[in-house]
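J.: I'd like to ask some things about the structure below.
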Amino acid sequence: MYSKAGANWDSVCKINIGQYQSPIDWPNSKDLTLNETLKLNLAYNDMENVQVMNNGNTLMLTSDKMGGIEFEFEGKMLKYKGVQFHFHYPSEHAFEKAKYPIELHIVHALESGAPEDYQYQNAVIAVYFDDSKDTENKFIKELDLEELGNTTINLKQFMDQFDMNNFYHYKGSLTTPPCTECVNWLSLNTVQDISKAQVKMMRDHWEKYTKYPNARECCPINGRTIYKSCQEGMKIQVKDSISSSYFQKEQRNQFKKKK
């Protein structure tokens, strides 16, 4: 599926591929449009006796007990219910052509706040993980990814640490087929530490099923307005992480299975 990082998906996404595709390479914060009316409220739950699954393309949890978010934009208070979360290696979004090792996507479905024909029926929160300090991440550890057994997932506890006054937003698409342009993307700007051993563990799970990292290539912005909720922007400089060209060339070669 990811042999060409999504560049060969025209046949499965032909109807839906348009001008608002995701992921994107985020511009420098100074080039984003400030919109201090953007509001994001979290109402997640901690979950017991749930299991993260390897579906062959990603590590994913699906649950109707996640809770959700409220997102205020363009005069609408949009209420979305969390339906699943999953991981990408490396990050799908880039920051001035650089990528983090891991990106978490929390996927939501619209519950209220807009008419049924509202285009952006989904909202996805993106969280980035940086291994440059080689610091173990408590949330990742508690997911029990090595065994993929039943566990307690402290999603509320993990997400409550983020600064909800500091995020980016743009309108885009699903990053997997059918690539429908139906997503309000919300990028949280507090980057999380992760250890190199945890990154390797997650990569090893994908290596059992696929030859390639599970990240789609960045798509053109095509004149879209990219918003920031405050002047501050990213709290950690992505220059300390690995360039997207490294993943596209070296990591794809290293990731291939031995035949």
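J.: Kindly indicate whether ILE153 is at pLDDT below 95 and either open to solvent by less than 60 Å² (accessible area, probe 1.4 Å) or of a type in the set (Phe, Trp, Tyr) (or both).
T.: So ILE153 fits the description; yes.
J.: I need the full set of residues from the stretch 10-36 which are at pLDDT 80 or above, surrounded by 11 or more Cβ atoms within 10 Å (Cβ to Cβ) and in a loop (DSSP other than H, G, I, E, B), in order please.
T.: Within the stretch 10-36, GLY18, GLN19, TYR20, GLN21, SER22, PRO23, ILE24, PRO27, LEU32, ASN35, GLU36 meet the criteria.
J.: Next up: Given (1) open to solvent by less than 10 Å² (accessible area, probe 1.4 Å); (2) in contact with an Asp or Glu (Cβ under 9 Å, 6 or more places away or on another chain), where does MET77 come up short, assuming only one miss?
T.: (1)
J.: Here is a follow-up. Return yes when ILE106 is part of a strand (DSSP E or B), farther than 21 Å from MET202 by Cα, open to solvent by less than 50 Å² (accessible area, probe 1.4 Å) and at pLDDT 95 or above and no when it is not.
T.: So ILE106 fails the test.
J.: Would you check if GLU116 is without any contact (Cβ under 8 Å) to a residue 60 or more places away in the chain and open to solvent by 30 Å² or more (accessible area, probe 1.4 Å)?
T.: Yes: the conditions hold for GLU116.
J.: Filter the stretch 43-74 down to the residues that are acidic (Asp, Glu) and either open to solvent by less than 70 Å² (accessible area, probe 1.4 Å) or touching a residue at least 24 places away in the same chain (Cβ under 8 Å) (or both) and list them by number.
T.: ASP46, GLU48, GLU70, GLU72 - these are the residues of the stretch 43-74 that are acidic (Asp, Glu) and either open to solvent by less than 70 Å² (accessible area, probe 1.4 Å) or touching a residue at least 24 places away in the same chain (Cβ under 8 Å) (or both).
J.: Do any residues in the stretch 144-172 that are in a loop (DSSP other than H, G, I, E, B) have Cβ atoms under 6 Å from those of residues that are modelled with pLDDT under 95 and of a type in the set (S, T, N, Q), where the two are at least six apart or on different chains, and which pairs are they?
T.: Here the result reads ASP144/THR151; ASN150/ASN49; ASN150/GLN51; PHE162/THR190; ASP163/THR190; ASN166/ASN189, each pair linking the stretch 144-172 to a residue that is modelled with pLDDT under 95 and of a type in the set (S, T, N, Q).
The values are calculated or read from the model by the stated rules, or taken from the named source; none is laboratory data. Just so you know, these numbers come straight off a predicted model, no measurement behind them. So basically every Cβ, Gly included, is an ideal-geometry build from the backbone, and we count neighbours across all protein chains shown. Surface accessibility is based on the protein's heavy atoms, side chains included, excluding ligands, DNA and RNA. Shrake-Rupley method; radii C 1.70, N 1.55, O 1.52, S 1.80 Å.
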